[in-house]
Amino acid sequence: MSAQHEDVVMKSIMELFRGDAVKFFGIDKQVISAAPTELSHIPVQKNINDWVLYADDDSYLHFEFQTDYDKKDLARFMVSDAMLYYNDGKPIKTIVVYSADIEETITTLDAGSIKYQVDAFYMFKLDGDKTYENIKAKIDSGKQLTKQDLMSIVFLTLMKNSVDKVTRLEQSVELSKKLNSHDEQGQIQAMLGLLAEKFIKDPDELKRLKELMSMGVIAEMIRDDAIKEVARKLLMRGISVEAVSEDTGLSEAIIRNLKAEIAI
């Protein structure tokens, strides 16, 4: 995945998690922004198995997504959290989300002077078949989906299902295509693309899944993000809202919002 594509996907994750969407995982916090995952001395891969988000109580939410279980993983998570705390001094809540194949794990690590603990979220407790049918019925009847519904579309493939992961991913992609919001389509499909890259080992199946996705939607997200970045640079040089709007093709309302963000 290119750095530009990866950056847009991370922003999409943040947008989908923004507000109270993390209640999907039983967390009573609101996400404000994505947090950096490249820490001093220790490179942490920015992909599906490392989401660090900044919450409204001045703390971090660190999500790890696992389809297999290894006791050594806790040590890796601990090192990442320790470096993040060392850099910023903010409390960290780490949630390890296990796919339906895993029903029991160890959540604490005793390293002598260091005592480390994570929260485990077991997807086997969620009925993927029922969730899929409920969301499909909502979409077909024109009902508004909640943030939790959108999260469910993303994570359907990790739940307990009567169908295989590839089939459920295909169904999730089809659900995303029926969403009215262009932005939500892009956000969901960008995240499903990451899931596919992580879980689908057969290159032919992975290629077929990506062909199902509206890659044009994701490409448009990348293009729009690039245009907005140009607009920000023009505004920082003191160019008027009207001139920036004319040069970039963005509406004056969008330019004014960008200018307000820069002022913050």
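The values are calculated or read from the model by the stated rules, or taken from the named source; none is laboratory data. In this text the structure is predicted, and so the values were computed from the model without any measurement. In this analysis, Cβ positions are derived from the backbone assuming ideal geometry, glycine residues included, and neighbour counts consider all displayed protein chains.
Things to note:
- Among the residues listed as I135, I188, I222, the single one being within 30 Å of E252 (Cα to Cα), assigned to a helix (DSSP H, G or I) and at pLDDT 85 or above: I188
- Flag if L145 is in the same structural domain as I188 (by TED's automatic domain parsing) and either over 18 Å from the mean Cα position of the chain (by Cα) or under 30 Å from L179 (Cα atoms) (or both): yes
Listed here are the residues, each with its yes/no results for (1) of a type in the set (V, I, T); (2) modelled with pLDDT of 80 or more; (3) under 22 Å from the mean Cα position of the chain (by Cα); (4) more than 24 Å from I153 (Cα to Cα).
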position	(1), (2), (3), (4)
I227	yes, no, no, yes
V230	yes, yes, no, yes
I239	yes, yes, no, yes
S245	no, yes, no, yes
L250	no, yes, no, yes
I254	yes, yes, no, yes
I264	yes, no, no, yes
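- The stretch 108-151, residues that are surrounded by 13 or more Cβ atoms within 10 Å (Cβ to Cβ) and β-branched (V, I, T): V118, T131, I135, I139, T146
- Subset of the stretch 152-167 [buried (at least 20 other Cβ atoms within 10 Å of the Cβ), of a type outside the set (G, A, S) and under 15 Å from S99 (Cβ atoms)]: V154, F155, L156, T157, L158, M159, N161, K165
- Inspection of the stretch 199-206 identifies at least one residue that is assigned to a helix (DSSP H, G or I), within 16 Å of T67 (Cβ to Cβ) and not acidic (D, E).
- Of the criteria (1) at pLDDT below 90; (2) over 27 Å from A190 (Cβ atoms); (3) of a type in the set (D, E), which one D58 fails: (1)
- The stretch 66-79, subset touching a Leu at 6+ places or on another chain (Cβ under 9 Å) and over 14 Å from I114 (Cα atoms), residue surrounded by the fewest Cβ atoms within 10 Å (Cβ to Cβ): K71
- From the list Y86, Y54, Y116, Y69, the lone residue that is assigned to a loop (DSSP other than H, G, I, E, B) and among the aromatic types (F, W, Y) is Y69.
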